[in-house]
Amino acid sequence: MTKKKRIPLLGKLFIVGVAATIAYNLWARWGLDEVDDQKLLLYEMYPLSWVDQGGFRGMTAHLTRIQDLGIDYIWLAPFYPSGGVDGGYDITDYTDVDPRLGTLDDFDHFVEAANKLNIRVITDLVLNHTSDQHPWFQLSASGNPKYADYYHWSDEDLGWGTMFDGSSAFTWHAKRQQFYSHIYNTSQPDLNWDNPDVRAEFQDIIDFWTLEHGVAGFRIDSVQLIGKNFTKTILPREQLGTTAGLFKYYMHPQTFEILHELLDDRDLFTMGEIGVPIYPMFNSLVAPHGPLTAGINVMAANSIDKSLGFIDTKTSLARAERSLKHWGEHPSYIATLESHDGPRFTSRANIDGKAALDLLFGSDARIICLYQGEELGLTNPELSDNIADYDDIQTIMRYETAIAAGADPAETITRLKAESRDNARQPLPLEEYDVQRTDPNSCFNYARILIQNWKSD
């Protein structure tokens, strides 16, 4: 009698794991029909580009220029008081308006004006970090008992790298005599979500904007970074931004717990910035299976290049087409080509505005996000050859890292000039709206008709 071959335990586990993964992906895809198939158009506005154009009062006036685009939600990038290091994402006060942009009353008038046009307003909610100038951090660094554990402190550098340039994500604080973690710049210390007081603070912040100021939802910044496991084996810093790096560093189960705790039982439109949209991960975060209404990956159309010693982004048209086709199948995926986090797509892909809009609205996406000025077909402005003239901290850090590694300064600034986030953060050419709105062949009117057809399809 021939003996049956026995499969080793590890082999069995492997087979079970593969089967489970396949089953999950099938279940995830089959469950997509549960999501409302209504098409939604989002429009991102970057408030800090309006500092010299009237702040929120200028933004309110802008609504009359774009009201016939068919916008359902306006997403506001950070407009809060900040330390001024990372484009508003280093927040010093979550419940106020940067005085350069106006007052809370000006914000309220903006929301009211948008609502009258049947446009709802969502704002950025930055959960991963604050500014190092935030009172919470100042008190934490001073050892105040109430705030001592509001942030991640450590007696040693645990070897993590920052998302901006891979440099150490742990910085020594002389007053506290410990290291603090910062996945981004040193000015952006990471919040400790193990602390129930931190969670309570943000419950109050959400109530403030939704119940008192009419906000209809939030875009959750850097969702995959919120929960962290500092005990994990750390990958080399050059693997940051890769799929393997994402799973090694981030997406701690705590992230899901936090989002459910903050958002469940609230009637809000919530979208998460999900850096690497992989189906199982994505489905666990967004409707109908997760705590978020939708997810957005503003870098989905980028290809990765590690030349010059740092990770930069350069867009290939083919990559953008593949990304939109693949992810457009998911009703909770927000398709986008432009945002505050990258240069203009027209310049990256070397196409005109109408062709870019054709690509975006020709996808199967049910939710699409336009970035301010994209409807005009704007291209990158001519940026300076002097790094001192740049505001984008990511550009500055990458330049410094590349130069320290021996890269040629002229070649480095040429590359960074093309990809810098400063490209998309310039003031809008408001007079161009007047020109394009009256021209039936303009990119603006092309966008308007394209959106109408997309929504009615």
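Figures for the structure shown
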| quantity | calculated |
| --- | --- |
| Neighbour-count ranking [beta-carbon atoms within 10 angstrom, fewest first] of Met271, Met45 | Met45, Met271 |
| Pairwise FRET efficiency - Ser316 versus Gln426, Cβ, R0 = 30 Å, nearest 0.05 | 0.80 |
| Cα centroid separation - region 66-141 against region 325-383, whole Å | 23 |
| Evaluated at q = 0.10, 0.15 Å⁻¹: base-10 log I(q)/I(0), Debye formula over Cα of region 320-457 | -0.40, -0.81 |
| Cα centroid of region 418-447 to Cα centroid of region 149-196, whole Å | 40 |
| Farthest toward positive dipole pole in region 351-457 [+1 Lys/Arg, -1 Asp/Glu at C-beta], among Thr401, Ser363, Ser456 | Ser456 |
| Dimensions (Å) - region 183-231, Cα atoms, principal axes, largest first | 39, 22, 20 |
| Entries in Lys228/Lys417; Lys228/Lys325; Lys39/Lys354; Lys39/Lys228; Lys417/Lys455 that, when Cα-Cα distance is taken, lie over 25 Å | Lys228/Lys417; Lys228/Lys325; Lys39/Lys228; Lys417/Lys455 |
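The numbers here are math on the coordinates, done by the rules we state, and not lab data. Quick caveat: nothing in here was measured; it's all calculated off a predicted structure. Reconstructed Cβ throughout: ideal geometry from the backbone, glycine too, with neighbour counts over all protein chains shown.
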